[in-house]
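Working notes for the structure below.
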2 protein chains.
Amino acid sequence: MGLVVQKYGGSSVADAEGIKRVAKRIVEAKKNGHQVVVVVSAMGDTTDELIDLAEQVSPMPAGREFDMLLTAGERISMALLAMAIKNLGHEAQSFTGSQAGVITDSVHNKARIIDVTPGRIRTALDEGNIAIVAGFQGVSADKKDITTLGRGGSDTTAVALAAALEAEVCEIYTDVDGVFTADPRVVKKARKIDWISSEDMLELASSGSKVLLHRCVEYARRYNIPIHVRSSFSGLPGTWVSNEKPESQGDHKVEHAIISGVAHDVSEAKVTVVGVPDKPGEAAAIFRAIADAEVNIDMVVQNVSAVTTGLTDISFTLPKTEGRKAIDALEKNKAGIGFDSLRYDDQIGKISLVGAGMKTNPGVTASFFEALSNAGVNIELISTSEIRISVVTRADDVPEAVRAVHSAFGLDSDSDEAVVYGGTGR
Amino acid sequence: MGLVVQKYGGSSVADAEGIKRVAKRIVEAKKNGHQVVVVVSAMGDTTDELIDLAEQVSPMPAGREFDMLLTAGERISMALLAMAIKNLGHEAQSFTGSQAGVITDSVHNKARIIDVTPGRIRTALDEGNIAIVAGFQGVSADKKDITTLGRGGSDTTAVALAAALEAEVCEIYTDVDGVFTADPRVVKKARKIDWISSEDMLELASSGSKVLLHRCVEYARRYNIPIHVRSSFSGLPGTWVSNEKPESQGDHKVEHAIISGVAHDVSEAKVTVVGVPDKPGEAAAIFRAIADAEVNIDMVVQNVSAVTTGLTDISFTLPKTEGRKAIDALEKNKAGIGFDSLRYDDQIGKISLVGAGMKTNPGVTASFFEALSNAGVNIELISTSEIRISVVTRADDVPEAVRAVHSAFGLDSDSDEAVVYGGTGR
């Protein structure tokens, strides 16, 4: 029985009852002989309430102070959780990100972890304590200021601590039962996945799956930490995410499932730069302007140029929230780049099919497009990686498209486990 | 223009509007050329809400975790205050007690400051910042755990920082206009005091005046830091508390007022140990039992023993909240101490007259008793120090007694400043 890192999100500790329920679950792990480190988020809506307060005093809260403010949230939940555990007769100590040795860079509101020095956590464990650590927060290496890790930061804290403490597993407790083959709110027949490779999980996370964020999975993959995503309410086994399939998940010599799941995302918009001269350096000029405006983009598509005009169109997708910034940046550089016009469309959706198996199984792409066609869904953009195919469609078409693809690839819960494709060429 | 430490209590920063109002006041001090360090308490009811949460998860929250929890309160207010100041175009940085170098012992929930090493505050000031510091909290010297200073802790933080930074003045902003000659809720004619000696302020604080706590005044006296207690709402000059009368407060060579004020306290109870053998070691045995139970006591009175029985009675007062503990401790040691019975009375009140002038003005005691007698108030216990006379009466008699004494000593706002007594012997 080794060391386990458990992470509980805000919905699991939303009130005193939730905290007491989580405390019992933690004590069970301890009773089973594990050393237990718990990473906890702020209670329920605490963070939103603090952000609301900040907006009341300042329209543009400074990063350093904003981080100082937000970190009060985990301070409350971690102290309460430690009290609740002690009330069950077990020893517990809570630690801030700084006390736990979570060292970050100085980029406030979205700091990156650059080192983890968990000396105090190790000592607390050696003395028989359960260690409770504030998620989402750290301390900057240079100025010793309090920082926060940005969205999904508590998951990253958990994985980083698991890596630094050489934990057996990092358990991410949440309000769903695990990772599903598609969003169960859209696809009623979506199945819970028992195991998924880190590689496939990364693609799902990039493609709109909300259960685990890309950054956390990437960290776990790099340090080879198995993640177990599971429900803090049901206590049932959830989804294992790891680089290699563990023996507990069936014969690990058998090939992976071809397709892990279908992800979708309706949070993006599409920008099309129309009438770009088809000559070297044009794409670079466009995306340098975008990068200088600190806009993150997702898909980029360029088709062959029209022979008659020598002009081409370049499209890209990006979060709707970044749309204004991107358009402004391009308009400002219109003369330098030399395009005709811009089109902006925020009524789009993206559907992605993910699975490492598609590398060696030709025909997946064709089957994917056939399924969409049969559902009457028009494809606007296509982009692929080695283990993913993504298309952009009208946002209204997304639910039907996801269900059609999920069913076509035999992922529905009443169908067989997975089907093998071949022969028609990808 | 030197360095000023300002302290704002929870009622001054109860909501976003309060924080913005306080931010303006701080910026004014900065514009006047001062270096400004601000100590801030938790917003309004935050601390009570956190205590309530703690009680929901554990009937006996552990000290270390309780402190971790409570310190979230100032973290929120200080970050918001820094944001509000920056929004007014001035630079501000917030610091936790630990970051500000407030080093304490390890007694959770009521830690004592043992050192202040404000290196980061000094740096922030030198860089042109307004420094915002969390009141009420520190970090333990040995274990590096977060501690809280107990009741009135933020005032103590402010004075301790003022001493360590060699500030010109420590301004304590509160929701009243200053220190009054009596509680204005009881005595309508109570006058605001412009200046009071630290010595007299200490006695008032011990005698029930709530404006400043004994501990904070004691710290200021030891390090010779002038305190200016004033309203964060009106902005008017309040009450100066210092060891020597400053020249700004009129001719400081003139004698102090004889009487500074009248304090009262109805939060105490009286315990009488009846039938104590009048022999050496008896009082010691009683108060050793009390001390071992960690009960703080206030007045102690023993009268001459009855000649016929050789037995005496010993009475003492203590906070009502400690009554149960004291009675239990004495009952448990009844055989060892050897008394007849215990009497417990929580319907008492204490009225105290305070003023260094009484040392050299005979007749004060007589006038005090005459005033009480004229008001028909019966005296149950008497206790005096060099500069204070306190009596215990029925709790119901307290308001009338305070008004009578206040008026008799010429403290009413429509009477002359002070009157000189003499001739009848104290």
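The values are calculated or read from the model by the stated rules, or taken from the named source; none is laboratory data. What you see is a predicted model, and the numbers here were worked out from it, not measured in a lab. In this analysis, Cβ positions are derived from the backbone assuming ideal geometry, glycine residues included, and neighbour counts consider all displayed protein chains. For the accessible areas, the whole protein counts, side chains as well, though only heavy atoms, and no ligand, DNA or RNA atoms are used. Shrake-Rupley method; radii C 1.70, N 1.55, O 1.52, S 1.80 Å.
Applying a DSSP loop filter and a limit of 11 other Cβ atoms within 10 Å to the GluC sites (Glu not before Pro) in the stretch A:350-421 leaves A:GLU386, A:GLU417.
Could you put B:ARG343, A:ARG230 in order of accessible surface area, largest first, with the 1.4 Å probe and the full protein assembly present? Kindly include the intermediate steps, with their values, before the conclusion.
On the way: B:ARG343 140, A:ARG230 35 Å².
Per-residue accessible area, sorted high to low, gives B:ARG343, A:ARG230.
Centre-to-centre separation between the Cα atoms of the stretch A:114-165 and those of the stretch A:334-406: 39 Å. Annotation for the stretch A:143-224: GluC sites (Glu not before Pro) lying in DSSP loop with at most 10 further Cβ atoms inside 10 Å of their Cβ are A:GLU166. For chain A, a Gaussian network of Cα nodes joined below 10 Å ranks A:ILE286, A:ILE172, A:ILE348 by mean-square fluctuation, and the top entry is A:ILE286. Backbone amide hydrogens, once placed in the peptide plane, bring A:THR174 within less than 5 Å of A:ARG230, A:SER231, A:SER232, excluding anything fewer than 5 places away on its chain. The B-A contact accounts for roughly 3300 square angstrom of buried accessible surface, both chains included, probe 1.4 angstrom. Each peptide in A:296-304, B:221-229 was scored by the mean count of other Cβ atoms within 10 Å over its residues; highest first, the order is B:221-229, A:296-304. Above 17 Å lies some portion of the pair distances; for the stretch B:99-184, what is it as a whole percent of all C-alpha pairs? The calculated P(r) of the stretch B:99-184 puts 52 percent of pairs beyond 17 Å. Per residue, the convex hull spanned by the Cα atoms of the stretch B:3-256 amounts to 130 cubic angstrom.
Counting only protein heavy atoms, what percent of the accessible surface of chain A is carbon or sulfur at a 1.4 Å probe? Here it works out to 49 percent.
Can you sort A:LYS20, A:LYS350, B:LYS188, A:LYS110 by solvent-accessible area, 1.4 Å probe, largest first? Please list the in-between numbers first.
Details: A:LYS20 70, A:LYS350 5, B:LYS188 165, A:LYS110 135 Å².
Ranked from most to least accessible, the order is B:LYS188, A:LYS110, A:LYS20, A:LYS350.
What FRET efficiency do you get for B:ALA141 and A:ASP45 if R0 is 56 Å and r is their Cβ-Cβ distance, rounded to the nearest 0.05? It would help to have the intermediate numbers written out before the result.
Values: r = 37 Å, r/R0 = 0.66.
Taking R0 as 56 Å, the efficiency between B:ALA141 and A:ASP45 is 0.90.
How far is helix B:282-292 tilted, in degrees, relative to the longest principal axis of the Cα atoms in chain B, given as a value from 0 to 90 rounded to the nearest 10? Approximately 30 degrees, to the nearest 10. In order along the stretch A:152-168, phi translates into HN-Hα couplings of x, x, 5, 4, 5, 4, 4, 5, 5, 5, 4, 5, 5, 9, 6, 6, 5 Hz, rounded to whole numbers, per the Karplus curve 6.51 cos²θ - 1.76 cosθ + 1.60 with θ = phi - 60° and x for Gly and Pro. Taken over the alpha carbons of the protein assembly as shown as equal point scatterers, the Debye sum produces base-10 log I(q)/I(0) values at 0.06, 0.07, 0.08 Å⁻¹ of -0.55, -0.70, -0.84. Using a 7 Å projection from Cα along Cα-to-Cβ, the label point at A:LEU88 is separated from the same position in the remaining copies by 4.8 nm, smallest value first.
Site pair B:SER234 and A:ASP328 shows an inter-label distance of 4.8 nm when each label is modelled 7 Å from Cα along Cα→Cβ. For the rotational copies A and B, the chain A residue with its Cβ nearest the relating axis, together with that separation in Å, is A:ALA72, 2.
Rounded to the nearest Hz, the phi-derived 3J(HN,Hα) couplings of the stretch A:202-210 under the Karplus curve 6.51 cos²θ - 1.76 cosθ + 1.60 (θ = phi - 60°) are 4, 5, 4, 4, 5, 9, x, 5, 9, where x marks glycine and proline.
Once you compute Rg and the Kirkwood Rh from C-alpha atoms, what is the Rg to Rh ratio for the stretch B:115-232? Write out the running numbers ahead of the final one.
Values: Rg = 15.7 Å, Rh = 15.5 Å.
My calculation of the ratio gives 1.01.
For the pairs A:LYS7/B:LYS110; B:LYS7/B:LYS31; B:LYS270/B:LYS334, note any where the Cα-Cα span goes beyond 27 Å. Beyond 27 Å: A:LYS7/B:LYS110. Helix B:46-57 axis versus longest C-alpha principal axis of chain B: approximately 70°, rounded to the nearest ten.
Distances between equivalent label points of B:ASP52 across the copies, with each point positioned 7 Å along Cα→Cβ, amount to 1.5 nm, shortest listed first.
Note on B:SER373/B:ILE114: beta-carbon distance plugged into 1/(1 + (r/R0)^6) with R0 of 41 Å gives a FRET efficiency of 0.30. Using Cα atoms only, what is the angle between the long axis of helix A:323-332 and the major principal axis of chain A, expressed in degrees (0 to 90) to the nearest 10? Rounded to the nearest ten degrees, it is 50.
In whole percent, what relative contact order does chain B give with Cα contacts below 8 Å and a gap of six or more residues? Each step should come with its number before you reach the end.
On the way: 924 pairs, mean separation 56.1, N = 426.
Result for chain B is 13 percent.
Remark: mean inter-chain Cβ contacts per residue of B:59-70 equal 6, using a 10 Å Cβ-Cβ cutoff to other protein chain atoms.
Please find the FRET efficiency linking B:ASP194 to B:THR384, where r is the Cβ-Cβ separation and R0 is fixed at 30 Å, and quote it to the nearest 0.05. Please report the intermediate quantities before stating the final value.
Values: r = 27 Å, r/R0 = 0.89.
Calculated transfer efficiency: 0.65.
How big is D for chain A, in µm² s⁻¹ as a whole number, if Stokes-Einstein is applied with the Kirkwood radius of its Cα pairs at 37 °C and 0.692 mPa s? Each step should come with its number before you reach the end.
On the way: Rh = 23.3 Å.
Rounded to a whole number, D works out at 141 µm²/s.
With every protein chain left in place, what is the accessible area per residue of the protein assembly as shown in square angstrom, probe 1.4 Å?
On the way: 36040 Å² over 852 residues.
It amounts to 42 Å² per residue over the protein assembly as shown.
For the peptide B:20-27, the mean number of other protein chain Cβ atoms found within 10 angstrom of a residue's Cβ is 1. Peptide B:81-94 is shielded by partner chain Cβ atoms: per residue, an average of 5 of them sit within 10 Å of its Cβ. Here B:ASP414 yields copy-to-copy label distances, from shortest upward, of 9.2 nm, the label point defined as 7 Å from Cα along Cα to C-beta. With Cα atoms as the point set, the stretch B:246-393 shows a radius of gyration and Dmax of 18.5, 61 Å. Placing unit charges on each Cβ (+1 for Lys and Arg, -1 for Asp and Glu) gives the protein assembly as shown a dipole about its Cα centre, and among B:ILE121, A:ALA92, A:LEU70 the Cα reaching farthest toward its positive end belongs to B:ILE121. Counting only protein chain heavy atoms and rolling a 1.4 Å probe, the accessible areas of A:ASP397, B:ASP145, B:ASP313 rank, largest first, as B:ASP313, A:ASP397, B:ASP145.
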